[in-house]
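The values are calculated or read from the model by the stated rules, or taken from the named source; none is laboratory data. Everything quoted here is computed from the prediction, not taken from an experiment. Positions of Cβ are generated from backbone atoms using ideal geometry, with glycine treated the same way; all protein chains shown enter the neighbour counts. Ligands, DNA and RNA are stripped out before the accessible areas are found, and what is left, the full protein with its side chains, is counted by its heavy atoms. Shrake-Rupley method; radii C 1.70, N 1.55, O 1.52, S 1.80 Å.
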Amino acid sequence: MGYGRSVDPAASSREKPYGVADVVRLAGRTLDQLGLIWLEGEVTQVSQPPSGHLYFALRDRDAVLPAVMWGRDLAKLRFRIEPGQHLRVRGRLNVYERDGKMQLYADFAEPAGLGAEALALYQLKQRLAAEGMFAPEKKRPLPRFPKRIGVVTSKNGAAVRDIISTIHRRMPTPILIADAAVQGASAPAQLVNGLAMVVRAGVDVIIIGRGGGAVTDLTAFNNERLVRTISRCPVPVISAVGHEIDLSLADLAADARASTPTAAAELCVPDGRVMQDQLVKGRARLDRELGHVLARARQDLDRCTVALTSRTEKAIAKARHELHVLAHRLAGLHPRAQILAHRTELSELERRLAALHPGPRLARSRQQLDALAARRDTTMRAQLEQRHRELGTLGGQIHALSPLAVLDRGYAMVVRDGEIIRAPAQVAAGDTLNVRLARGVLEVVVKG
């Protein structure tokens, strides 16, 4: 089919069709003739195998274009290519023969909106933050009274003069200065070496920074090696870059941040005059407290003296009482006292024996029995008389209420079958009635 022939687009025909590889090579040569081109789009489908090359795709609203950037070109970028970024990419178009797909062989890329330096700084900040390098719990407290202070900055700058004058004014303290460039290509390495030098010299706290300047002058203090060195520093570090608004990565990694070198010096040492005033006030307060303590101690001593005297008197009185008790017991143990006690006990026993003799008890019992019998007879007579009177009264009342007494007065009681007749309506003609009289009963028949 003629796959090895020279490809001429005008000579293609149905009789002599092109091979697939010929068409792919022809397309590749055609695209290669475009040379270096710039494309702009959103990054997607990012992958980086162990070879170190980066494979990704650029897309816009209507199309997607595969791209590859070799490891040597990728290492030159100041930022990391990630999905979602909007990039402006430079490279050559060609066709990957195995798949027959067009792709871009990129050799350079830059953010389409944000600058490469800013994006690189942002990515570095995110990566260090993910490692916990800026975590608040890693911040160490500054020493209250440092014995030696290390300063890493340019010895010719205004920052070091401000630091020295402020420390000498507030609290004169030995200062060790490590001269280092604060901007330029060599600045990060010099700053790192300066930190190592003051740490080896034995300082209690370190100030690293510079005076004011443009935002671009902060580059050295955003260097990854310097930031990691500050984070790993064995002594507390104060960052004094001199930019109130712009925050460097060194500021984030340091244990404390000061807006100016002067402010950093104020953080390092306390104000001696203020401390002197505090000491004077503290001395006066201590004197007052000591006076109060001594006064309370005198009062406590007086109370203790009184209490001791009282306890001594009580102890003596108790001892006297015990001595008196012992003397009394000793006297009680004398033979004469024992004979007298036995005589007293014998008299008491005789008295109790006489009280227990049955003769007097029998006489008293007879008297009590006679008295009780007399009381019994009197009570019984009185009760019988009372019952007779009550019985007479009740008899009169019963007689007055008895129906027989009413019959004796001429009245009669009409009964039919045990029912008392009280009205004519209760009987009818021909009924037989019993009429009870005072003496006897009549049987009558109702006529009408």
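What to note about this one:
- Anisotropy class of the range 79-156 from Cα gyration tensor, a/c 1.5 cut: prolate
- Longest exposed-site-free window of the chain, the sites being GluC sites (Glu not before Pro) in a DSSP loop that have at most 16 other C-beta atoms within 10 Å: 245-448
- Potential extension, ARG169-SER310 segment - 0.36 nm per residue separation minus Cα distance: 44.5 nm
- For the pair ALA337 and ASP417, label points projected 7 Å from Cα toward Cβ lie 10.9 nm apart.
- Gaussian network model of the chain, Cα within-10 Å springs - most flexible of LEU65, LEU372, LEU87: LEU372
- Acute angle (nearest 10 degrees) that the helix 158-170 long axis makes with the longest principal axis of the chain, alpha-carbon atoms: 30 degrees
- Counted over the chain with a bin width of 10 Å, the fraction of Cα pairs per bin, in whole percents, is 3, 10, 10, 8, 7, 6, 5, 5, 4, 4, 4, 5, 6, 9, 8, 5, 2, 0.
- Tilt relative to the chain, helix 358-401 - C-alpha long axis, 0 to 90 degrees, to 10: 80 degrees
- Accessible surface, 1.4 Å probe, highest first, among residues LYS139, LYS147: LYS147, LYS139
- Rounded if a/c under 1.5, otherwise prolate or oblate - the range 378-448, Cα gyration tensor axes: prolate
- Distance between the pseudo-spin-label points of ASP107 and GLU42 (7 Å out from Cα toward the beta carbon): 3.0 nm.
- Prolate/oblate/rounded call for the range 259-395, Cα gyration tensor, a/c under 1.5 rounded: oblate
- Theoretical gain in end-to-end length, ASP302 to LEU34 [0.36 nm per residue, Cα-Cα removed]: 85.5 nm
- Exposed-site-free run, longest, the chain (rule: chymotrypsin sites (Phe, Trp or Tyr not before Pro); DSSP loop; at most 16 other C-beta within 10 Å): 71-410
- Förster-model FRET efficiency, 60 Å R0, HIS53 and GLN278, C-beta, rounded to 0.05: 0.35
- Most mobile of ASP302, ASP408, ASP32 in a GNM of the chain (Cα contacts under 10 Å): ASP408
- Residue of LEU301, LEU384, LEU121 that the Gaussian network model of the chain assigns the largest fluctuation, springs spanning Cα pairs under 10 Å: LEU384
- Within straight-line cross-link reach of LYS155, lysines at Cα separation under 24 Å, skipping those fewer than 8 residues along the same chain: LYS147
- Fully extended contour minus Cα-Cα distance, from LEU384 to ARG98, at 0.36 nm per residue: 87.9 nm
- Per-residue SASA entry for VAL441, accessible area with 1.4 Å probe, Å² rounded to 10: 90 Å²
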